[in-house]
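First up is the structure itself, then whatever we jot down about it.
The values are calculated or read from the model by the stated rules, or taken from the named source; none is laboratory data. Quick caveat: nothing in here was measured; it's all calculated off a predicted structure. Please note: Cβ atoms are built from the backbone with ideal geometry, for glycine as well, and neighbour counts cover all protein chains shown. For the accessible areas, the whole protein counts, side chains as well, though only heavy atoms, and no ligand, DNA or RNA atoms are used. Shrake-Rupley method; radii C 1.70, N 1.55, O 1.52, S 1.80 Å.
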Amino acid sequence: VDLGALTGSLSEDANWVFIVNQDGTSAILNTLRTQDINGFTKWINGDTNTIYPLKTVSVSVVNNDLFLVNKRTTASNTTYTIEKWDFNYLMDSSVRLESSTSISGNNLGLASNHLDGETVSVVARGTTLDNRVVQAGGIIVLTDEEKSFILEQDPSGGVIDVEVGYNFTPKIVGMPLNTAGPAGQNQMREKKITRMNLRVYKSSGVYIDDNPVPI
């Protein structure tokens with residue numbers, strides 16, 4: 001139902017074609033002609049595992065910035081949000097907080113109420129904290145340990161690094177068993193990927209075989 005193309009930049013030389021399907025799902029074609037790369041990726045909207053997921057209805061590119069229009073329909077109302085694709089953010093519909101003035105007591109104020117009542121993910125100083133529900137008025141409640149951890153980043157200058165929003169989880173799955181190998185003897189040849197080297201960039205909450213790993 002909609003299509004948008006985002007060209008590469010000085011730091012990102014790949015190009016992306018964003019495709020919106022009629023059912024609200026999306027796909028991205030990553031293309032890099034110099035290396036003959038063309039690959040599709042399923043777009044996963046931030047999902048709070050509720051019965052009211054976000055659905056994408058439109059995409060636009062303005063001055064090489066990509067904007068999405070997302071729709072959420074609940075039992076009582078329908079809301080639309082305009083979101084900008086930004087590599088400085090880890091999550092969807094998220095809020096970044098950089099000043100300790102956002103903390104009052106054990107309350108962390110988001111300065112926005114668009115996440116009220118939603119279960120959100122919290123990333124502080126690159127560390128994934130427990131999920132929690134946003135209270136009315138855009139407030140999440142921190143434990144004493146979480147508050148101390150957040151403020152330890154810059155206790156004198158009052159600078160913090162917290163992001164709150166909808167999480168999404170990319171999943172990497174190995175290729176299936178290769179039973180149609182080359183002709184001839186293949187008894188000692190590898191028939192399935194057994195090792196994988198991954199480079200992650202500003203990622204948080206990485207699990208391998210369901211086990212959390214430090215990054």
Top positive-direction residue, dipole computed over the chain with Cβ charges, set 122, 69, 140: 69
Expected unfolding gain across residue 14-residue 153 under the 0.36 nm per residue rule, minus the alpha-carbon gap, is 46.6 nm
Hey, if we sort 202, 42, 55 by accessible area with the 1.4 Å probe, largest down, what's the order? 42, 202, 55
Residues of the chain: accessible area per residue at 1.4 Å, in Å²? 68 Å²
What is the dipole size for the range 18-145, taken about its Cα centre, with +1 at each Lys and Arg Cβ and -1 at each Asp and Glu Cβ, in debye to the nearest 20? 300 debye
Nitroxide proxy distance, nm - points 7 Å out along Cα→Cβ at residue 3 and residue 44: 2.7 nm
Top of 107, 70, 167 by mean-square fluctuation, Gaussian network on the chain, Cα under 10 Å: 107
Can you compute the FRET efficiency between residue 172 and residue 99 using 1/(1 + (r/R0)^6), with r the Cβ-Cβ distance and R0 = 35 Å? Round to the nearest 0.05. 0.45
In what order, largest first, do 173, 69 sit by accessible area if the probe radius is 1.4 Å? 173, 69
If you filter the range 92-170 for trypsin sites (Lys or Arg not before Pro), then keep DSSP loop positions with at most 15 other Cβ within 10 Å, what is left? 125
When ranked by the protection proxy of mean other Cβ atoms within 10 Å per residue, highest first, what sequence do the peptides 114-120, 85-91 form? 114-120, 85-91
Pairwise centroid distance, computed over Cα atoms, of the range 123-171 with the range 17-44, Å: 31 Å
